[in-house]
Amino acid sequence: MRFDLTDMRLFLSVVECGSLTQGARTMHLALASVSERIASMEAALGAPLLERNRRGVRTTAAGDALVRHARSILGQVEVMRGELRTYATGLKGRIRLLSNTAAMAAFLPPQLCRFLAAHRDLSIDLEERPSAEIVQTLVDRRADLGVVADITDLGTLQTHLIARDQLVVVVGQSHRFAQQADVAFADILGEPIVGVADTALETHLAERASRLGRQLDYRIQLRNIEHVAMHVEAGIGISILSAGLAGKLCSDVVVLPLAEAWATRRLYLCARDFAALTPHAGLLAQQLRQGAP
């Protein structure tokens with residue numbers, strides 16, 4: 001059984017369009033040619049890939065499997081082409097790095113600046129993602145490295161501790177907590193919360209609240225950290241953030257440490273296998289480990 005890339009692109013086109021005719025038109029091929037190619041694929045496989053009816057076509061179980069694998073293979077081909085294309089622009093390597101919000105706010109920027117200054121021929125594709133999503137992306141081999149908080153299940157990934165991050169409470173100047181040295185988590189549970197869109201942190205805090213038989217009262221959840229501070233300053237509620245993020249706030253708010261020991265989070269550099277990294281990703285991993293406090 002041999003399917004080439006054109007076969008797979010053609011098959012996906014037909015499936016996504018829902019008909020042989022539209023799939024042929026999308027691929028700029030004659031309908032007879034498309035029919036013949038798919039018939040040849042089915043003959044090579046020894047099983048039907050499509051069920052034909054008056055409304056068009058739909059995949060069989062074998063067709064569903066081919067769709068899954070074809071998308072994966074074609075996706076890898078595009079990744080390969082993108083990486084090889086960098087040679088034409090003078091870059092000798094690209095590294096895909098994913099980071100959670102806390103590391104992106106404080107630890108990573110100076111480290112990445114030093115790395116890129118030292119390696120002029122390398123480039124980094126950096127994306128901010130929730131920790132749980134980063135773990136799954138690494139497991140699926142769709143990124144080289146990730147930085148996540150220890151409040152996420154790291155599964156089978158290899159890890160190195162690279163930073164620590166304190167959770168803090170952000171309140172308005174007139175709030176009753178504003179004159180305190182710190183804030184106990186139990187005291188927060190009766191307060192309206194302005195949340196930051198961080199799925200891993202939200203899950204972690206919900207778990208801690210449930211241990212006390214309570215839950216957090218989110219009035220709103222926002223992605224932009226300055227928007228969070230704006231709502232806190234206006235008295236909409238209080239917020240729980242990483243110290244790295246809170247340190248960048250320009251608003252007139254008060255930042256207090258969360259009193260509990262568990263409020264100190266550890267940030268880990270993760271990979272499926274550090275020994276199997278590409279040479280340039282290995283260089284970045286080494287830089288981040290050396291930069292750990």
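Structure summary
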{"read-out": "Virtual spin-label span in nm between residue 248 and residue 266, 7 Å along Cα→Cβ", "value": "2.5 nm"}
{"read-out": "In order through segment 279-286: 3J(HN,Hα) via Karplus (6.51 cos²θ - 1.76 cosθ + 1.60), integer Hz, x for Gly, Pro", "value": "x, 6, 5, x, 4, 5, 4, 4"}
{"read-out": "Net charge of neighbours whose Cβ lies under 11 Å from the Cβ of residue 194, counting Lys and Arg as +1 and Asp and Glu as -1", "value": "-2"}
{"read-out": "Extended-chain gain in nm, criterion 0.36 nm per residue less alpha-carbon gap, residue 226 and residue 126", "value": "33.9 nm"}
{"read-out": "Rel. contact order, % - alpha carbon contacts under 8 angstrom, at least six apart, segment 5-86", "value": "27 percent"}
{"read-out": "Sites residue 78 and residue 28, calculated FRET efficiency, Cβ-Cβ separation with R0 22 Å, nearest 0.05", "value": "0.65"}
{"read-out": "Residue with peak Gaussian network fluctuation, the chain [Cα springs, cutoff 10 Å], from 108, 205, 20", "value": "20"}
{"read-out": "Theoretical ellipticity at 222 nm over the chain - DSSP helices of four or more residues, -39500 (n - 2.57) apiece, nearest 500", "value": "-13000 deg cm²/dmol"}
{"read-out": "Relative contact order (%) - criterion: Cα under 8 Å, at least six apart; region: segment 164-265", "value": "51 percent"}
{"read-out": "Alpha-carbon gyration tensor eigenvalues x 5, square-rooted, for the chain, Å", "value": "48, 26, 17"}
{"read-out": "Sequence-distant residues sharing a close amide H with residue 96 (under 5 Å, placed H)", "value": "125, 144, 145"}
{"read-out": "For the chain, built as a Gaussian network whose Cα springs stay under 10 Å, the top-fluctuating residue of 269, 201, 283", "value": "283"}
{"read-out": "Long-range tail of P(r) for segment 164-265 (Cα pairs > 20 Å, %)", "value": "28 percent"}
{"read-out": "Interchain or long-range residues, amide H under 5 Å from residue 222's placed H", "value": "195, 196, 197"}
{"read-out": "Cβ-based charge dipole, segment 5-86, positive-most Cα from 76, 56, 41", "value": "56"}
{"read-out": "Karplus-derived 3J(HN,Hα), 6.51/-1.76/1.60, for each residue of segment 126-139, Hz, glycine and proline x", "value": "10, 10, 8, 9, x, 4, 4, 5, 5, 4, 5, 5, 5, 4"}
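Taken together, the values in this text are just the output of simple stated rules run on the coordinates, not laboratory data. All figures in this text were calculated on a predicted structure; none of them were measured in a lab. Glycine also receives a Cβ, built like all others from the backbone with ideal geometry; neighbour counts cover every protein chain displayed.
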